[in-house]
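Structure first, commentary second.
The values are calculated or read from the model by the stated rules, or taken from the named source; none is laboratory data. This is a predicted model, so every value here is computed, not measured. Here Cβ is always computed from backbone atoms with ideal geometry, including for glycine, and neighbour counts include all displayed protein chains. Note: areas computed on protein heavy atoms with side chains; ligands, DNA, RNA excluded. Shrake-Rupley method; radii C 1.70, N 1.55, O 1.52, S 1.80 Å.
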Amino acid sequence: NNHNTLYQTANHELLSSRAGFQVLTYRYYDNVRHLLDMNGMLTDIRQAAPGSVILFHTCAHNPTGMDPTRDQWSQIADIMVERRLFPFFDCAYQGFASGDPDRDTYSVRLFVDRGLELVCAQSFSKNFGLYVVTIFILRKNHLGERVGNLTIVLNNPKPIKNICSQMLMIVRGNYSGPPAHGARIVTKILNDPQLYEEKCCVQIMATRMRQMRSQLREHLERLGTPGEWSHITRQIGMFSYTGLTDRQVTHLSDSYHIYMLSNGRLSMCGLTTKNVEYVAKAIRDALTISLFSIRIVNCHYVSRVGSTAAVPTAPPDVHAVQEFSQLCADIKAQLETCGAIDTKKRKIVEKLLECENVVNTNANRLDEQKRDLLLLSIS
């Protein structure tokens, strides 16, 4: 019996492990190509033992924003049936992918049509605006009313009473009697034909997030930001997996007060028409500073970065000195246009001038100066 083994992408490890599952991961996202790693995903799921639980995001995958196509969902369902695996759907962003709540649940309905029993945890926190914020100051305050729906699909009705009994025990042990206000709001809307048909609010939110994606990509490309940015508009939902590194994210928070997760996940809901260009310029700055480090590393005679050895075993040739001088000139020119924070820009420019003077006076100190410049650029 492998029902205590749960395969997931990344987001539920704490919850799953606390529930007693052996938590394993399957490949999902290709960080190099910024695409769904479909082959890796299918390979890993196919290797799962029969009875294992496989956790999927119904739509608007968090954190990558990359969803399988309908054809790819069909391939996944084929393996689930073949390997007798149990699907668990996390439906947290229904309506935020396409703007149509019905369309966004295609994957769940497909699996049901294929005869798979499953569990679907459906959240109304985001699409109904019923979100809880917990504040720890002098005491804990709960603001908001998170609410959701747990759907269990069975092929045989006989276990229904047993399942309900187990669920009641879990509820009793966890929270006993939850607040009813949020649930009543959702119930009112879903059971009122007129309110139910008023899906424009979700469509507006989904449309706005797509517009912010387009504008962010347009600004990044117009500014000549290093890299390729089509993945910003290929992704959907509330989040974008930007591809920024931990160091680049730290630069954004320290220099521009732009905050995101260390893995580069950016919340599209935080972008507006007034700040999207500012964010794009900051990203360009972070990537430009990073490229300085790469160019210095790739420059001839850079060896043992961080070593205490200041002088190379052989003096550098004239070409190496000229190459370093050109590198310094290029970096200074880019700093003038990249919008780097003034303090760091000034320090780097000052170091560039110092490096050029030292190298022109004593070429044997070339490695030492490149090492110092590198350490400053990545600090």
Residue in segment 56-65 that is out of contact with any Ser or Thr (no Cβ under 6 Å at 6 or more places or on another chain), touching a residue at least 40 places away in the same chain (Cβ under 8 Å) and among the hydroxyl-bearing types (Ser, Thr, Tyr) present: yes
Cβ-Cβ under 7 Å pairs, at least 6 apart or on other chains, segment 31-54 side open to solvent by less than 20 Å² (accessible area, probe 1.4 Å), far side among the small types (Gly, Ala, Ser) and assigned to a loop (DSSP other than H, G, I, E, B): 54/48
Pairs with Cβ under 9 Å, 6+ apart, first in segment 166-191 and in a helix (DSSP H, G or I), second open to solvent by 100 Å² or more (accessible area, probe 1.4 Å): 182/146
Subset of segment 105-150 (residues that are modelled with pLDDT of 95 or more, open to solvent by 30 Å² or more (accessible area, probe 1.4 Å) and of a type in the set (Val, Ile, Thr)): 112
Out of 255, 214, 240, sole residue that is touching a Ser or Thr at 6+ places or on another chain (Cβ under 9 Å), closer than 15 Å to residue 279 by Cα and not in a helix (DSSP H, G or I): 240
The lone exception for residue 230 - which of (1) surrounded by 16 or more Cβ atoms within 10 Å (Cβ to Cβ); (2) of a type outside the set (Lys, Arg); (3) at pLDDT 90 or above it fails: (1)
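In this structure, does residue 241 turn out to be farther than 21 Å from residue 29 by Cα, touching a helix residue (DSSP H, G or I) at 6+ places or on another chain (Cβ under 8 Å) and not assigned by the TED database to the domain that holds residue 91?
Numbers: farther than 21 Å from residue 29 by Cα: no; touching a helix residue (DSSP H, G or I) at 6+ places or on another chain (Cβ under 8 Å): yes; not assigned by the TED database to the domain that holds residue 91: yes.
Spelling it out, it is not the case that residue 241 is farther than 21 Å from residue 29 by Cα, touching a helix residue (DSSP H, G or I) at 6+ places or on another chain (Cβ under 8 Å) and not assigned by the TED database to the domain that holds residue 91.
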